[in-house]
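A.B. asks: I have a structure here, written as structure tokens, and I will follow up with some questions on it.
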Amino acid sequence: MDFYGIDLSSRLLLGTARYPSPKILAEAIKASAAEVVTVSLRREAGAERGGQSFWSFIRGLGVRVLPNTAGCHTVTEAVTTAHMARELFDTPWIKLEVIRDDETLQPDVFGLVEAARVLSEDGFEVFPYTTEDLGVADRLVEAGCRVLMPWGAPIGSARGLNNLYGLRALRAHFPEVPLVVDAGLGVPSHASAAMELGYDAVLLNTAVAEAGDPVAMARAFALAIEAGRLAFAAKPLEPRDMAAPSTPVLGRAALGD
Amino acid sequence: MRVFVNGDQHDVEPRTLALALEELGYGGKKIATAVNGRFVAAARRPDTNLADGDRIEVVAPMQGG
């Protein structure tokens, strides 16, 4: 799997928020085998300067970081945040979020396309958090995005893949663009389903971080993603309405009257 | 001179962003900055002059999804 020329073997991208402790976060990342973790930035205040210790912690994990623009509601905010993230984390990668609706955290797709264009022209490698809308996806690709990250369901909702048809259509329309289902997954079967559709990867946070045992859940998601990818590559059967006997009928013993 | 740092009012002597950050205890820290909503790269802080009422944002790495 290739994101902007970077070859990755793990198809799981893991968020770093909401874990019970940094130790459990580190163990969950290890159990997931994720090579990319998402991070963010916030105001640095107070005597403890919490950002400094988090920075040391992340550097010690030896994983690639994908900073986000979470919480941004305008193009200006998102672009400024992306610049600050690029300097802080020393990466051109940015998970671009421009949020419109606070209840569903649904993206402002108009602002998203505009911010993606501005950032791509400035050398950023944009991972846009978007919906499964084909027109928006096309605009994002035109704007310079070489990866698309449609939501499965609203962030943190654990609903799984809300629009299977839409996600399948997106895959069919963009066979060459790496597609990542980002957000809304709850259990490993959701991730497996995304991979069975032919998606390239899955980005998770809450489903692992807020599970009763985040480390075990991280491992479970990793296995499900691997299983789903193998299944996709193995060309699954199409569903059908009527039964098709799996045991050959020919040569069956005649035992009736 | 009165400036706002992450929304809180501060009185600072220095006239440049770099010196103000030093005075406020951010010297040598892993931070990124914006003044009045515009990104100011680390390399530009020494020649970024502050004016009374400027709004400075100082951010650092944190957990995210």
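None of the figures in this text is laboratory data; all of them are computed from the coordinates on show. This is a predicted model, so every value here is computed, not measured. When we count neighbours, we look across all protein chains shown, and the Cβ atoms used for this are built from the backbone with ideal geometry, even at glycine.
A.B. asks: Can you order the peptides A:185-194, A:24-33 by their average number of other Cβ atoms within 10 Å per residue, highest first? Let's see the in-between values first.
C.D. replies: On the way: A:185-194: 22.9, A:24-33: 20.2.
Per-residue mean Cβ counts within 10 Å order the peptides as A:185-194, A:24-33.
A.B. asks: Would you mind checking the tilt of helix A:50-61 against the longest principal axis of the Cα atoms of chain A, expressed as 0 to 90 degrees and rounded to 10?
C.D. replies: The angle comes out at about 50 degrees.
A.B. asks: Which entries of A:LYS30/B:LYS29; A:LYS95/B:LYS30; A:LYS30/A:LYS235 show an alpha-carbon separation above 26 angstrom in the structure shown? Provide the component values of the computation, followed by the final result.
C.D. replies: Values: A:LYS30/B:LYS29 28 Å; A:LYS95/B:LYS30 20 Å; A:LYS30/A:LYS235 30 Å.
Beyond 26 Å between Cα atoms: A:LYS30/B:LYS29; A:LYS30/A:LYS235.
A.B. asks: Roughly how crowded by other chains is peptide B:36-45, in terms of the mean Cβ count from those chains within 10 Å of each of its Cβ atoms? Let's see the in-between values first.
C.D. replies: Working: counts 0, 4, 4, 8, 4, 4, 2, 1, 0, 0.
Shielding by partners across B:36-45 averages 3.
A.B. asks: Sticking with this one: Work out from phi, with θ = phi - 60° and the Karplus expression 6.51 cos²θ - 1.76 cosθ + 1.60, the ³J(HN,Hα) of each residue of segment B:39-48, listed in order in whole Hz, and give x for Gly and Pro.
C.D. replies: Computed from phi, the couplings for segment B:39-48 are 4, 10, 5, 3, 5, 9, 4, x, 10, 9 Hz.
A.B. asks: I would also like to ask the following. A:GLU238 versus A:GLU121, label points 7 Å from Cα toward the beta carbon: distance in nm?
C.D. replies: In this crude label model, A:GLU238 to A:GLU121 measures out at 4.4 nm.
A.B. asks: Could you work out Rg/(2.2 N^0.38 Å) for segment A:67-202, with Rg from alpha carbons only?
C.D. replies: On the way: Rg = 14.0 Å, N = 136, 2.2 N^0.38 = 14.2 Å.
Dividing the Cα Rg of segment A:67-202 by 2.2 N^0.38 Å gives 0.98.
A.B. asks: Peptides A:144-157, B:20-33: what's the order by average Cβ count within 10 Å, highest mean first?
C.D. replies: Details: A:144-157: 21.6, B:20-33: 17.6.
Per-residue mean Cβ counts within 10 Å order the peptides as A:144-157, B:20-33.
A.B. asks: A follow-up question, please. If the viscosity is 0.692 mPa s and the temperature 37 °C, what Stokes-Einstein diffusion coefficient in µm²/s follows for segment A:1-93 when Rh is the Kirkwood radius over Cα pairs? If you can, show how the numbers build up before the last one.
C.D. replies: Working: Rh = 14.4 Å.
My calculation gives 228 µm²/s for D.
A.B. asks: If the label point is 7 Å along Cα→Cβ of A:LEU61, which residues in segment B:41-62 have backbone nitrogen under 12 Å from it?
C.D. replies: The answer is B:62.
A.B. asks: Okay, moving on. Compute log10 of I(q)/I(0) for chain B with the Debye formula, placing one identical point scatterer on every Cα and leaving out solvent, at q = 0.14, 0.19 Å⁻¹, to two decimals.
C.D. replies: Values returned for q = 0.14, 0.19 Å⁻¹ are -0.36, -0.65.
A.B. asks: What average number of partner chain Cβ atoms lie no more than 10 Å from the Cβ of the residues making up A:50-57? Don't jump to the answer; show the numbers that get you there.
C.D. replies: Numbers: counts 4, 10, 6, 2, 5, 6, 2, 2.
Taking the mean over all residues of the peptide, I get 5.
A.B. asks: For segment A:1-124, calculate the relative contact order in percent as a whole number, restricting contacts to Cα pairs under 8 Å that are 6 or more residues apart. Present the calculation step by step, with values, prior to reporting the outcome.
C.D. replies: Details: 150 pairs, mean separation 22.6, N = 124.
Averaging sequence separation for qualifying contacts and normalising by length gives 18 percent for segment A:1-124.
A.B. asks: Two decimals is fine: what's Rg over Rh for segment A:50-132, C-alpha atoms, Kirkwood radius as Rh?
C.D. replies: 1.00
A.B. asks: How tilted is helix A:214-233 with respect to the longest principal axis of chain A? Cα atoms for both, answer in degrees (0 to 90, nearest 10).
C.D. replies: 50
A.B. asks: Roughly how crowded by other chains is peptide B:22-31, in terms of the mean Cβ count from those chains within 10 Å of each of its Cβ atoms?
C.D. replies: Working: counts 0, 0, 0, 2, 2, 0, 1, 5, 11, 10.
Counting other chains' Cβ atoms within 10 Å and averaging over B:22-31 gives 3.
A.B. asks: In chain A, what % of DSSP beta bridges are antiparallel (nearest 5)? Intermediate values should be presented prior to the final figure.
C.D. replies: Numbers: 4 of 25 bridges.
Antiparallel bridges: around 15 percent, rounded to the nearest 5.
A.B. asks: Would you work out the Kirkwood radius for segment A:170-253? I mean one over the mean of 1/r across all pairs of different Cα atoms, in Å.
C.D. replies: Evaluated on segment A:170-253, it is 14.8 Å.
A.B. asks: With runs of 4+ DSSP H residues as the only contributors, calculate the mean residue ellipticity of chain B at 222 nm using -39,500 (n - 2.57) per run, divided by the residue total and rounded to the nearest 500.
C.D. replies: -2500 deg cm²/dmol
A.B. asks: How big, on average over all directions, is the shadow cast by the Cα convex hull of chain A, in nm²?
C.D. replies: On the way: hull surface 71.4 nm².
The number I arrive at for chain A is 17.9 nm².
A.B. asks: With each label point set 7 Å from Cα along the Cα-Cβ vector, what nm distance links A:PHE174 and A:ALA227?
C.D. replies: 2.8
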